[in-house]
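> This is the structure I want to talk about, given as structure tokens.
Throughout, read-outs are computed from the coordinates displayed, never taken from laboratory work. Everything numeric here is computed off the predicted structure, so don't read it as measured data. Cβ: placed from backbone, ideal geometry, glycine included. Neighbour counts: every protein chain shown.
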Amino acid sequence: MKKFIKRAVMVAVIAIVVVWIVTLFAPRARHIEYGVTFSYPYAQGLSLDWEQAYVAILTDLKPKYVRLSAYWDATEPQQDRYSFDDLDYQINEASSRGVKITLAVGRRLPRWPECHDPSWISGLSKSAEETAQLSYVETVVRRYQSNPNIANWQVENEPFLSTFGICPPLDLNFYDREIALVKQLDPSRPVLVTDSGELDWWLNASARGDQFGTTFYRYVFSDVLKRYWTNFYFFPWVYRFKSGIVELLHPGKPIEIAELEAEPWTTAGIPNTPISEQMKTMSLDHFNTITSLAAQTGLSPQYLWGAEWWYWMKQRGHPEFWDRAKQLFNQ
């Protein structure tokens with residue numbers, strides 16, 4: 001028994017030392033910069049005037065970075081017939097204010113149901129579907145690659161997260177072709193690949209693209225426990241440890257928080273959830289706690305998730321989230 005205890009203690013000490021050494025390699029920004037993700041379909045789902053909400057975010061909050069999505073169903077509602085008015089508006093408004101833009105392209109993009117498929121692909125063969133998807137990606141990249149405010153291209157959103165979203169299984173060979181196409185079309189800009197910060201070790205995602213982005217979630221609803229759950233075990237050092245691994249494997253690769261939880265986690269959707277219920281996973285204390293913990297990772301920039309909700313709450317007499325975000329962006 002004594003030998004077992006000694007070995008267990010030795011293993012624990014070695015593990016702690018290894019983790020400590022690896023975290024020393026993790027990149028650490030001297031100053032955290034903040035951005036936002038904006039989804040106009042999500043804003044519409046909150047019954048907002050999405051253009052008004054978007055301009056308010058840009059002019060009042062003044063983020064330095066914004067992540068936008070070229071949703072396939074909205075961009076190409078009919079095969080080979082494109083509609084760019086809404087995306088042009090978003091990109092022009094951000095560009096006119098000097099905001100750096102991450103433009104996400106692909107089939108799986110931010111916001112439920114993750115895969116935003118146009119209805120017309122349902123009857124296509126797999127080969128024809130892939131050809132159509134690559135054509136859409138190429139059309140989007142060619143349209144915006146001359147815009148100097150496009151900082152990078154995000155190809156798909158958390159493609160290795162198979163447990164979330166309504167999406168077909170990941171075809172890794174096709175995903176690599178998609179990344180290669182974007183690099184070929186615009187070799188001067190980096191490609192961002194993202195992955196779950198809590199459910200993956202980032203090895204597959206960080207091996208692809210020029211930049212890596214993680215999520216940072218703390219307050220969630222557990223389908224297993226059927227109740228709200230706080231991820232106490234995901235301390236900042238966990239992200240630093242994993243980012244240290246990325247640095248060792250891919251020296252110098254930029255790592256950011258592409259999705260920092262800053263809105264409630266609901267099971268019925270924001271409009272169908274009482275504000276008192278929403279506060280269980282995103283009160284102002286929760287907001288301050290999670291942004292403070294994320295800052296301790298040393299990763300930058302950090303894109304806050306939920307600007308549409310802050311605007312929605314502000315209209316309902318709860319401006320505290322909007323005001324706190326404004327402080328972060330202007331600190």
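> Report, in whole Å, the centroid distance computed from the Cα atoms of segment 71-90 and segment 186-263.
Answer, in whole Å: 29.
> Tell me the relative contact order for the chain as a rounded percent, counting alpha carbon contacts under 8 Å between residues six or more apart.
With pairs under 8 Å counted, the relative contact order is 23 percent.
> Please compare each pair in LYS183/LYS253; LYS242/LYS326; LYS280/LYS326; LYS62/LYS226; LYS126/LYS183; LYS62/LYS314 to a cut-off of 27 Å on the Cα-Cα distance and tell me which ones are over it.
LYS242/LYS326; LYS62/LYS226
> To continue, here is another question. Find which of ALA43, SER127, ALA307 sits farthest along the positive direction of the dipole of segment 2-329, computed with +1 on the beta-carbon of Lys and Arg, -1 on that of Asp and Glu, about the Cα centre.
ALA307
> What value, in deg cm²/dmol to 500, does the helix sum -39500 (n - 2.57) over DSSP H runs of n ≥ 4 give at 222 nm once divided by the residues of the chain?
-12500 deg cm²/dmol
> If each residue of separation counts as 0.36 nm, what is the full-extension length gain between ASP80 and THR267 once their alpha-carbon separation is subtracted?
Separation in residues times 0.36 nm, less the Cα-Cα distance, equals 63.7 nm.
> Further question on the same structure: How big is segment 2-329 by Rg and Dmax over its Cα atoms, in Å?
Spelled out, the Cα radius of gyration and Dmax of segment 2-329 are 20.3, 73 Å.
> Can you tell which of PRO190, GLY213, PRO159 lies farthest toward the positive end of the dipole of segment 112-221, using +1 and -1 charges on the Cβ of basic and acidic side chains (Lys, Arg; Asp, Glu)?
PRO190
> Positive end of the charge dipole of segment 2-329 (Lys, Arg +1 and Asp, Glu -1 on Cβ, about the Cα centre): tell me which of ALA325, GLN90, PRO169 has its Cα farthest that way.
ALA325
> Another question, if that's okay. So how strong a dipole does the chain carry about its Cα centre when Lys and Arg Cβ are +1 and Asp and Glu Cβ are -1, to the nearest 20 debye?
It works out to roughly 1640 debye.
> May I pose another question? Given points 7 Å out from each Cα along the Cα-Cβ axis, report the SER96 to ASN147 separation in nanometres with one decimal.
Those two pseudo-labels are separated by 1.3 nm.
> In nm, to one decimal, how far is the modelled label at ASP210 from the one at PHE235, with both set 7 Å along Cα→Cβ?
Placing both labels 7 Å along Cα→Cβ, they lie 3.6 nm apart.
> Which peptide among 167-174, 217-224 comes first, and what is the full order, when sorted by highest mean count of other Cβ atoms within 10 Å?
Highest-to-lowest ranking by the protection proxy: 217-224, 167-174.
> On full extension of the chain, what length is gained from PHE164 through GLN184, given 0.36 nm per residue of separation minus the C-alpha to C-alpha distance?
Stretched out fully, the PHE164 to GLN184 stretch lengthens by 4.2 nm.
> For a quick check, take a GNM of the chain with Cα springs below 10 Å and name the residue from PRO110, PRO159, PRO190 with the largest mean-square fluctuation.
PRO190
> Given Cβ point charges of +1 (Lys, Arg) and -1 (Asp, Glu) and nothing else, what value in debye, to the nearest 20, does the dipole of segment 47-107 about its Cα centre take?
460 debye
> Hydropathy at least 0.0 by Kyte-Doolittle, axial extent at least 30 angstrom from the Cα trace: which helices of the chain, defined as entire DSSP H runs, fit?
For the chain, where a helix must reach 30 Å along its axis and average at least 0.0, the hits are 2-24.
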